[in-house]
Amino acid sequence: MNLPKRAEILTVMDTLAGSHLKGKDKAVRLSLIALLTGGHILLEDIPGLGKTTLALALANVLGLSFGRIQCTSDLLPSDITGLSVFNREESAFKFIRGPIFNSIVLVDEVNRAMPKTQSAMLEAMEERRVTVEGVTYPLAEPFLVIATQNPLEQVGTYPLPESQLDRFTIRTGIGYPPEELEKSIISYGSIRDDIRHIEPLVSAGDILAARQAVKEQVYLSDKVTDYIYAIVTATRNHPLLLSGISTRGGINIAEAARANAYLEGREYVVPEDVREVSVAVGSHRLICRPEQESVNKEELLSAILGSIPVPLV
Amino acid sequence: MVRIKSVLDILAYGIALLGFVPLVAYLDMIPRFLFPAVLLFAVVADRRDTILRGHLPTVISLLFFVYFGIQFSRDNLVGPAVNLLVVLLAVRLASEKGSRHYLQIYALALFALAGSSLLNLSAAFLVYLLLLLVLIAVSLVLLTFYDRDGDTAIARDGMMKVVTVAASMPLAAMPLILLFFVILPRTQFPLWNVLNVASGAATGLSDKVQPGTAPAVAEVKNVVFRADSQPLTKNQLYWRGVVLNTLEGGSWVRKPVPGAEWSVPGAGRGVSQTIFPEPGKSRYLLALNVPRDLTGVRFATAPDIVHTIIPSGRRLRYETQSVPGAVIRTSRGIDRTFYLQLPPGLSPRLVSLGRQMAQRGKTDTDRLALLERYFVDRKLRYATKDLPTGSDPLAQFLLDGKPGHCEFFASTLAVLLRAADVPARLVGGYYGGDYNAVGGYYVVTEERAHVWVEAYLDGKGWVTVDPSAWAVNFAGVGGAEEQGFTRRVRMYLDSFSYFWNLTVINYDLERQISILNRANTGLRRLSFPSHLSLRLLLIPVVLLLAALVVWRVCVWQKVGREERLLKILFTLVRRRYGVEWPPDKGLHELARTLDEPRITRFVQMYGDVVYHDRKLSRDEYIRLRSLLAELRAAPH
């Protein structure tokens, strides 16, 4: 099995999850999957669990440029995209690039921004280019947005509507680290300083090559496609759900499953890959019926997965 | 903690023993020593989990089946059967036990115990049976836990509670069993009918005939008796009950027969019937007129052929021989004055009509013929409603054109006969009956109660005369028959009730044994052509087995290689790890969970082919097969 650049990507994962971001294996893995599929990730958790640390560490270890946007209700679209400033010496307007032109962009507390700003950002995520004052600028490649939002605080926020949540390939929480680990983290203190000194392990070219490999060398069989389709249809026909996983959601599941197979070192997707990524990729796309708002979507999707037989033959 | 399985095993040993012990003395050497040995083996093996698995037990069972099957013959039915039962029981004990197999053990033990009752009739049987029932009841309750999850363990206290409750169920049910299966169906009366016997004026046989007391008669459809008989014509269906020989006031009653009168039915073709009366209060034994012979019960016979018993409330059955429509001969003559008595104050119009007939006819026969013509000419109507009542009902009926029922016809004729100097009496009984072709018997209901006349004709004897037959509408008497479907349904229901009475209510051991004997001799007499030995019967058995094997192989071949491999893999996983792999989880997860290098290798190779949308090649299939074989052979 010679999947290109897999060894490098695995080293990144081990370095991050093993030494710098202990106890965040799942989040690290999902972030890498998002990176490999060219998607974006939404971390949904309470503050102080290391969302920002994760984003910073990822940026440093990948050797990519990093930009951060702290969202507030008066954040304007131009604060993200950048704006033209008049250069008196050249007596011309010069475009100053905003933080979105970095490879890894951390959008903190995305639900605090106004809808106008949110949609500008989400559009940039999708289109991978920004048009300012009639000029279109392509964004960096690879481009990964790590957005965070706090699910508990609701005052003064503009929660992302489901249609916009659909733009994120993956939504996941981080969760508290295990007891022993948390104790050692508490005693050691913040690792922000250490992270600054992480040496980049891969280059942007490596990442692009890996992405290519995921796309072209991992085989998705008809059986597994059928399985994904079965999951998608099951969510659409579920009695508790108003609407299920979209076609884009299905595409994202397939891509994420490919990336997962790549990480596992397989050049074909097995149903387990689908099972592993489905909840993270699919659950935020489900829309419950109004009377079922309180249902936990991740558990619901897990239950749906449990009712669909895996293709074995 | 106590594992459900160990308790179930202990109970299964007990149950199997209860099937074996009553049979010990009757078994061949092999099963007699095999069973205890196997039981010991099972006790040890169940604890160490070295019980027999796979198809070996099935093969052993089959071999024994053939072995005892050869011994099986018409003279030796029970022996091989019980031996086989015990061997099968032993094999079941020694092989692995799923919930299905526990049930098989219970069934086999029950059969074995039932088999022992064919060999001896000891009261110990009841003890064994009760013990077996209690153990099986407890086991069944535990089996529901086991079926849910084979590894369930329950705390000692909880287990005690479960066992106590489970054991108390059959114990609590015991009185009810007694009530429902021993007492209730064997009671001679339907319980509810005894408690509220219907009262009021209704049709039926009574020993007093008094026409003109009620303007209408209710018709009751209760069954009086059933008579197992060949089908007869309608004019033969007179069921004789009682003879009323004296007119007192307005009513006919029965008085002791005077003088030396003795009656014998005349010659004729005999008809035999078996009569099953419904229990009631009547003391007259009914039989087809004229009964010649009656057997099966203790009874008293009066000189005018009236059979009586003391009603005991027991269900009866008796056989009768009758000569339908015969004349009753009296060898020693009759007391003419007794049968000519008419009470004073009887309707003068009727008496003078009788006297007229006496003058016009010279002989008894002539007078009867004259009266018949008179009745027919009057165009009398038969009815059970709108009846004449009052001071002189008989005259109103005959002379004033009022309708009447059989009592009117019979009383009037008898009075006229007596006035015309012909000895006459009334006979009460039933007329007609519904023939049940399903069961081959007549059902006679209360509303068929009937009264007719016997006239004594000099030189002949007592001749049966039914004046009701002279009514213009007599053909319709007896009520319109239900037609078609409802009648058939009613017939089937009645047959069921009849056979129930015959086999359950009137059950007696001797009769059952005689039936069994008859069946047995019948079986012995059954003969095959001599060159066809029972051993030859083995050929079809072998052919059948071969066909089964071929079919099995064909089915197996039809299934794809992938399915076959997976089936083997999952069976292996179930056996080795006790894991029933759910269908919503994949093979790679299985490999990860079990962490067994061979399974991991299998899954990798298999997945590489299948999830590349390829079919397994023959080579790959053989490699995977050998991997699985390696796994099976590997020590656990």
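Read-outs throughout are calculated quantities, based only on the coordinates presented, and are distinct from any laboratory measurement. Keep in mind it's a predicted model, so treat the numbers as computed, not measured. FYI the Cβ positions are ideal-geometry reconstructions off the backbone, even for glycines, and counts take in every protein chain you see.
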Self-check item: Local net charge near A:ARG129, Cβ-Cβ under 13 Å (Lys/Arg +1, Asp/Glu -1)
Solution: -2
Quiz item: For all pairs of alpha-carbon atoms in chain B, what percent lies in each bin of width 10 Å, listed from the first bin to the last filled one?
Solution: 3, 11, 16, 14, 11, 10, 10, 9, 8, 5, 3, 1, 0
Self-check item: Part-to-part distance (alpha-carbon centres) for segment A:161-186 and segment A:9-36, which is given in Å
Solution: 13 Å
Quiz item: Taking N as the number of residues in segment B:305-354, what value does Rg over Cα atoms divided by 2.2 N^0.38 Å take?
Solution: 1.91
Self-check item: Rg/Rg_globular for the protein assembly as shown, with Rg_globular taken as 2.2 N^0.38 Å and Rg from C-alpha atoms
Solution: 1.69
Self-check item: Among B:LEU566, B:LEU594, B:MET605 the positive-end extreme of the charge dipole of segment B:538-633 (Cβ point charges)
Solution: B:LEU566
Quiz item: Got a sec? How would B:MET491, A:MET125, B:MET29, B:MET169 order by Cβ neighbour count within 10 Å, fewest to most?
Solution: B:MET29, B:MET169, B:MET491, A:MET125
Quiz item: For segment B:239-296, what ratio Rg/Rh do Cα atoms give with a Kirkwood hydrodynamic radius?
Solution: 1.01
Self-check item: Given charges at beta-carbon only (K, R positive; D, E negative), |dipole| of segment B:538-633 in Debye
Solution: 320 debye
Quiz item: To the nearest whole percent, what portion of all C-alpha pairs in chain A is separated by more than 31 angstrom?
Solution: 33 percent
Quiz item: What number comes out for the charge environment of B:SER495, summing +1 per Lys or Arg and -1 per Asp or Glu over other residues with Cβ under 11 Å away?
Solution: +2
Quiz item: Which log10 I(q)/I(0) values, to two decimals, does segment B:208-495 give at q = 0.15 Å⁻¹ under the Debye formula with one point per Cα?
Solution: -1.20
Practice problem: Using all C-alpha to C-alpha distances in segment B:538-633, build P(r) with 10 Å bins and read off the rounded percent in each one. | Solution: 14, 41, 27, 12, 5, 0
Exercise. For segment B:264-276, take each phi angle, set θ = phi - 60°, evaluate the Karplus expression 6.51 cos²θ - 1.76 cosθ + 1.60, and give the result in whole Hz per residue in order, putting x for glycine and proline.
Key: 9, x, x, 5, x, 6, x, 10, 9, 9, 10, 10, 10
Quiz item: To the nearest 20 debye, what charge dipole does chain A have about its Cα centre, counting +1 at the Cβ of each Lys and Arg and -1 at the Cβ of each Asp and Glu?
Solution: 320 debye
Practice problem: Taking H placed 1.01 Å from N in the peptide plane, check which residues at least 5 places from B:VAL2 or on another chain put their amide H under 5 Å from its amide H. | Solution: B:ILE154, B:ALA155, B:ARG156
Quiz item: Mind checking the log10 I(q)/I(0) for segment B:307-397 at q = 0.13 Å⁻¹? Debye, one equal scatterer per Cα, no solvent, two decimals.
Solution: -0.82
Exercise. Measure off 7 Å from each Cα along the Cα-to-Cβ vector at B:ARG349 and B:PHE33, then give the distance between these two points in nanometres to one decimal.
Key: 10.3 nm
Exercise. Taking the convex hull of the Cα atoms, report for segment A:216-257 its projected area averaged over all directions, in nm².
Key: 3.0 nm²
Quiz item: By counting other Cβ atoms within 10 Å of each Cβ, how are B:CYS554, B:CYS406 ranked from fewest to most?
Solution: B:CYS554, B:CYS406
Quiz item: Taking other Cβ within 10 Å of each residue's Cβ, how do A:THR52, B:THR320 sort, fewest first?
Solution: A:THR52, B:THR320
Practice problem: Name the residue farthest towards the positive end of the dipole of the protein assembly as shown from the options A:ALA27, A:THR247, A:GLN154, assuming +1 on Cβ of Lys and Arg, -1 on Cβ of Asp and Glu, about the Cα centre. | Solution: A:THR247
Exercise. Starting from the amide H of B:TYR318, placed 1.01 Å from N in the peptide plane, find each other amide H under 5 Å away whose residue is 5 or more places distant or on another chain.
Key: B:ILE275
Quiz item: Hey, what angle do you get for helix A:204-217 against the long axis of chain A, alpha-carbon based, 0 to 90 degrees rounded to 10?
Solution: 30 degrees
Exercise. Between beta-carbons, use under 13 Å as the cut-off and find the net charge around B:MET159, counting Lys and Arg +1, Asp and Glu -1.
Key: +3
Exercise. Could you work out how far the C-alpha centroid of segment B:559-618 sits from that of segment B:131-158, in angstrom?
Key: 34 Å
Quiz item: Just how far, in whole angstrom, is segment B:26-85 from segment A:245-269 if you go by their alpha carbon centroids?
Solution: 58 Å
Quiz item: Relative to the Cα centre, what is the charge dipole magnitude of the protein assembly as shown, using +1 at the beta carbon of each Lys and Arg, -1 at the beta carbon of each Asp and Glu, and rounding to the nearest 20 debye?
Solution: 4300 debye
Self-check item: Extreme residue, positive dipole direction of the protein assembly as shown, given options B:LEU516, A:GLY306, B:SER139 (C-beta unit charges)
Solution: B:LEU516
Quiz item: Taking the C-alpha atoms of segment A:218-313, how large are the radius of gyration and the largest Cα-Cα span, Dmax, in Å?
Solution: 13.1, 44
Exercise. Determine the shape class of segment B:2-186: with a ≥ b ≥ c the square roots of the Cα gyration tensor eigenvalues, call it rounded for a/c under 1.5, and otherwise prolate if a/b is greater than b/c, oblate otherwise.
Key: oblate
Quiz item: Once you wrap a convex hull around the alpha carbon atoms of segment B:1-71, what is its projected area averaged over all directions, in nm²?
Solution: 5.7 nm²
